[in-house]
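Report on the following structure.
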Amino acid sequence: MTQAAIEKLSNEKTEYPAPEIVAKNAFLQDAKAEYARWQQDPDGFWAAEAEKFVWLEKWQTVSKFDGCNHEWFIGGKTNITLNALDRHVNSDRRNVAAFIWLGEDGTEKIVTYDQLLRMVNRFANGLKSLGVRKGDRVVIYMPLTIEGVVSMLACARIGAIHSVVYAGLGHASLRDRIEDAQAKVVITGDVGFRRGKAVPLKTITDEAVADLEFVEKIVVFSRRLPKIEFVSSREIDFDDLLDFPDKCEAEPMDSEDTLFILYTSGTTGKPKGVVHVHGGFMVGTVYHLETFFDVNKSDVFWCTSDIGWIVGHSYIVYAPLCAGVTTVFREGAIDFPHQGVAWEIVEKYGVSKMFTAPTALRFFMRFGAELPAKYDLTSLRQISCAGEPLNPEAWDWSQKNLCGDGRWGFVVDNWWQTELGGPTIATPPTMAMRSGKAGIALAGVEASVVDAEGNEVEPNVGGRLILRRPFPHMMRTVWNDAPRYERMWKQLEGCYVSGDVAVMDEDGYIQVLGRADDVLNVAGHRIGTADVESALVSHPAVAEAAVIGVPDEIKGESIIGFVQLRQGHEKSESLSASLVEHVRRELGPIATPSKINIVAGLPKTRSGKIMRRYLKALELGTDAGDLSTLEE
């Protein structure tokens with residue numbers, strides 16, 4: 001993006017004040033004062049937040065940071081499930097709904113905190129019977145169901161480390177993650193459901209675990225009758241692991257013990273296993289649930305994400321449960337079985353706070369203002385968005401048509417990453433929303449926009465978005481690859497380099513413009529160009545491949561592939577179609593290219609690197625910039 005384009009975007013001055021009905025009832029009334037409180041005593045600030053939780057042993061030191069590695073609540077012992085489950089069951093929240101789960105077909109399942117704890121304990125004891133112990137890794141490849149959440153919580157309960165893989169990824173992606181984690185157990189389902197169709201999961205799992213002898217057990221959750229037949233002696237029925245006592249003491253965990261690994265794409269072909277821990281993740285994510293999302297025990301909260309992504313970990317499962325909140329989540333497409341189903345849910349359950357993606361808002365725009373107008377949305381106080389930049393048009397449409405133009409609600413933006421665990425830059429609900437801008441740095445966050453040498457740039461000048469210090473819910477390392485983690489801090493000494501380009505205005509509002517590296521952002525999901533290119537090259541007709549992202553009205557970015565064929569293969573529409581399907585099978589639907597261009601050769605620099613910006617410029621009809629390094 002050129003500096004002229006950055007300046008044009010950043011000089012947009014449209015501002016929308018916080019609606020009175022939202023601002024006057026917000027939990028956190030003064031975000032700037034809160035930021036100052038944190039600045040005055042950072043450790044004291046986070047210690048006060050940590051005091052709100054159950055600890056088996058209190059910490060001796062709040063934090064330690066050496067310019068790269070950081071620790072929080074050092075010496076403290078807890079287990080996140082004690083705070084997510086036990087403390088509510090031992091209070092007046094015992095019989096309150098923890099989850100309202102919805103299926104595409106209208107199925108509803110309501111689970112109270114007491115019922116959830118009992119189910120988690122039974123499954124935790126079941127996992128123990130398989131030999132799963134503290135520190136063992138368990139990969140969860142499950143549909144978005146109560147049972148998927150129970151699998152996560154049961155692992156946490158006994159100190160096992162879970163790694164959830166989104167159930168839309170293909171067998172190659174699943175296998176990579178199982179191998180990197182060296183998972184002892186894989187938990188999967190027979191099928192998921194989307195748009196009324198069954199999506200096979202067990203067959204994908206079978207391909208992924210083939211010849212992986214270190215996988216000792218495969219637990220299968222069956223949703224259809226008759227249940228599928230097992231193909232291996234290491235397979236076991238999910239229901240059999242629920243046939244155990246409903247009492248299971250939580251494993252005492254050090255604050256810094258790993259809670260989960262979540263893989264996210266980077267600029268290399270190998271997925272990056274982001275590590276989050278029991279103590280700091282709990283404290284930080286709950287803090288932002290209460291102060292930014294403004295969710296409390298009187299709310300009905302709906303997060304439209306999936307447990308396969310960080311948003312689902314933070315804001316479907318752990319933070320809402322730790323806060324004692326009632327959360328709605330739903331399997332399937334947001335517009336099926338009819339285009340108004342999302343607003344039907346808001347009306348029926350009185351959803352008051354909602355977390356979704358700009359992709360979804362742009363999707364809803366396609367159906368027009370008449371559709372949400374058919375439903376009573378006046379319970380909806382706040383819609384929070386994250387995943388990719390929220391364009392002004394989508395915000396304006398949503399504010400007017402979903403939040404009554406401020407008569408009852410507010411659409412606010414926020415920015416964070418898998419690595420960061422929770423909101424980092426956001427517009428708190430008492431502050432004005434500025435068109436196209438995610439918001440200000442939240443308490444605990446010291447954000448800057450800098451040039452390539454690390455010098456802060458002037459207001460409204462584009463640069464690299466960095467964070468100058470860690471916070472409790474931030475990643476601790478990359479699983480099995482500490483040097484990869486360290487590089488995030490050592491590109492600019494002592495600073496976390498986010499990989500995003502941004503601008504900051506005179507008042508500290510930050511606009512995140514997109515990725516600075518070769519990571520695609522499709523519908524809020526980060527997909528490495530190398531992942532898609534590797535999938536293309538694995539096809540027998542392809543010699544070499546390059547992919548780019550281009551703007552997409554609905555998804556933010558769509559994927560365009562360029563391939564050079566091997567000798568003996570001819571360009572044809574049927575081959576292009578088969579390549580698209582090949583990627584879908586290898587990586588899953590979210591990584592599927594919208595178009596494949598078969599070309600005679602790929603543009604490269606003299607050092608042999610593919611020049612993707614040249615391909616992007618050709619596709620979009622824009623200036624490719626300096627081409628002096630392009631090989632003739």
Residue check, Pro459 touching a Ser or Thr at 6+ places or on another chain (Cβ under 9 Å) and crowded, with 16+ Cβ neighbours inside 10 Å
no
Given the conditions (1) farther than 21 Å from Ala84 by Cβ; (2) part of a loop (DSSP other than H, G, I, E, B), which single one is not true for Asp176?
(2)
Could you tell me whether the range 247-258 includes any residue that is of a type outside the set (Ser, Thr, Tyr), closer than 21 Å to Val165 by Cα and either under 25 Å from the mean Cα position of the chain (by Cα) or crowded, with 19+ Cβ neighbours inside 10 Å (or both)?
yes
Arg122 fails exactly one of (1) surrounded by fewer than 24 Cβ atoms within 10 Å (Cβ to Cβ); (2) in a strand (DSSP E or B), namely (2)
From the list Glu34, Glu49, Glu71, Glu104, which residue is among the acidic types (Asp, Glu) and in a loop (DSSP other than H, G, I, E, B)?
Glu104
Considering the range 351-381, residues that are closer than 27 Å to Arg515 by Cβ and among the polar types (S, T, N, Q), and then whichever is modelled with the highest pLDDT, we arrive at Thr356
Among residues of the range 179-217, those that are crowded, with 19+ Cβ neighbours inside 10 Å, among the aliphatic types (A, V, I, L, M) and more than 21 Å from Lys270 (Cβ to Cβ), counted:
4
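Tally time: how many residues in the range 359-380 are under 22 Å from the mean Cα position of the chain (by Cα) and more than 13 Å from Leu402 (Cβ to Cβ)? Can you show your working first?
Within the range 359-380, the first condition is being under 22 Å from the mean Cα position of the chain (by Cα), and the residues that meet it are 359-364.
The next check asks that each one be more than 13 Å from Leu402 (Cβ to Cβ); those that pass are 359.
Counting residues in the range 359-380 that are under 22 Å from the mean Cα position of the chain (by Cα) and more than 13 Å from Leu402 (Cβ to Cβ) gives 1.
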With the structure loaded, tell me whether Gly368 is in contact (Cβ under 8 Å) with a residue 40 or more places away in the chain, surrounded by fewer than 23 Cβ atoms within 10 Å (Cβ to Cβ) and of a type outside the set (Asp, Glu) or whether it fails that test.
no
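Take Lys109 and tell me if it is among the charged types (D, E, K, R), outside any loop (DSSP other than H, G, I, E, B), more than 20 Å from the chain's Cα centre (by Cα) and surrounded by fewer than 18 Cβ atoms within 10 Å (Cβ to Cβ). If you could, list the steps in order and put the result at the bottom.
Working: among the charged types (D, E, K, R): yes; outside any loop (DSSP other than H, G, I, E, B): yes; more than 20 Å from the chain's Cα centre (by Cα): yes; surrounded by fewer than 18 Cβ atoms within 10 Å (Cβ to Cβ): yes.
Criteria met by Lys109.
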With respect to Glu486, determine if the residue is free of Cβ contacts under 8 Å to residues at least 60 places away in the same chain, of a type in the set (Asp, Glu) and surrounded by fewer than 21 Cβ atoms within 10 Å (Cβ to Cβ).
no
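Out of Leu587, Leu615, report the one residue that is at pLDDT 80 or above, touching a strand residue (DSSP E or B) at 6+ places or on another chain (Cβ under 7 Å), assigned by TED's automatic domain parsing to the domain that holds Ser538 and under 30 Å from Arg177 (Cβ atoms). Quick ask: steps written out before the conclusion?
Details: Leu587 fails: touching a strand residue (DSSP E or B) at 6+ places or on another chain (Cβ under 7 Å).
Of Leu587, Leu615, the one residue that is at pLDDT 80 or above, touching a strand residue (DSSP E or B) at 6+ places or on another chain (Cβ under 7 Å), assigned by TED's automatic domain parsing to the domain that holds Ser538 and under 30 Å from Arg177 (Cβ atoms) is Leu615.
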Any chance you could count how many residues in the range 251-290 are modelled with pLDDT under 95 and part of a helix (DSSP H, G or I)?
0
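Name the residue that is surrounded by the most Cβ atoms within 10 Å (Cβ to Cβ), counting only residues in the range 385-419 that are of a type outside the set (Gly, Ala, Ser) and at pLDDT below 90. I'd like the intermediate steps shown before the answer.
Initially, the range 385-419 is screened for residues of a type outside the set (Gly, Ala, Ser), giving 385, 388-393, 395-397, 399-403, 405, 407-408, 410-419.
In the following step, the residues that additionally are at pLDDT below 90 were identified as 388-393.
On the way: Glu388: 23, Pro389: 23, Leu390: 29, Asn391: 17, Pro392: 16, Glu393: 14.
It comes out as Leu390.
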Any residue in the range 529-540 that is modelled with pLDDT under 80, crowded, with 21+ Cβ neighbours inside 10 Å and not assigned by TED's automatic domain parsing to the domain that holds Leu201?
yes
Any idea which residue in the range 590-612 is modelled with the highest pLDDT, counting only those that are more than 26 Å from Gly556 (Cβ to Cβ) and surrounded by fewer than 16 Cβ atoms within 10 Å (Cβ to Cβ)?
Ala600
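Being in contact (Cβ under 8 Å) with a residue 40 or more places away in the chain, part of a loop (DSSP other than H, G, I, E, B), among the small types (Gly, Ala, Ser) and not assigned by TED's automatic domain parsing to the domain that holds Thr304: is that true of Gly168 here? Lay out the reasoning, then the answer.
Values: in contact (Cβ under 8 Å) with a residue 40 or more places away in the chain: yes; part of a loop (DSSP other than H, G, I, E, B): yes; among the small types (Gly, Ala, Ser): yes; not assigned by TED's automatic domain parsing to the domain that holds Thr304: yes.
It is true that Gly168 is in contact (Cβ under 8 Å) with a residue 40 or more places away in the chain, part of a loop (DSSP other than H, G, I, E, B), among the small types (Gly, Ala, Ser) and not assigned by TED's automatic domain parsing to the domain that holds Thr304.
Yes or no, residue by residue, for (1) aliphatic (A, V, I, L, M); (2) free of Cβ contacts under 8 Å to residues at least 24 places away in the same chain:
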site	(1), (2)
Asn480	no, no
Lys490	no, no
His525	no, no
Val537	yes, yes
Ile554	yes, no
So which of Asp243, Asp239 is among the charged types (D, E, K, R), closer than 18 Å to Leu130 by Cβ, surrounded by 13 or more Cβ atoms within 10 Å (Cβ to Cβ) and modelled with pLDDT of 95 or more?
Asp239
Count of residues meeting criterion [out of contact with any helix residue (DSSP H, G or I) (no Cβ under 8 Å at 6 or more places or on another chain) and either farther than 30 Å from Val341 by Cβ or at pLDDT 95 or above (or both)] in the range 207-225
6
Restricting attention to the range 449-469, report how many residues are in contact (Cβ under 8 Å) with a residue 40 or more places away in the chain and part of a strand (DSSP E or B).
6
Which listed residue is buried (at least 21 other Cβ atoms within 10 Å of the Cβ) and in the same structural domain as Leu442 (by TED's automatic domain parsing), from Ile316, Ile334:
Ile316
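The values are calculated or read from the model by the stated rules, or taken from the named source; none is laboratory data. Remember, it's a predicted structure, so these values are computed and weren't measured experimentally. Heads up, the Cβs are rebuilt from the backbone with ideal geometry, glycines too, and the neighbour counts pull from every protein chain shown.
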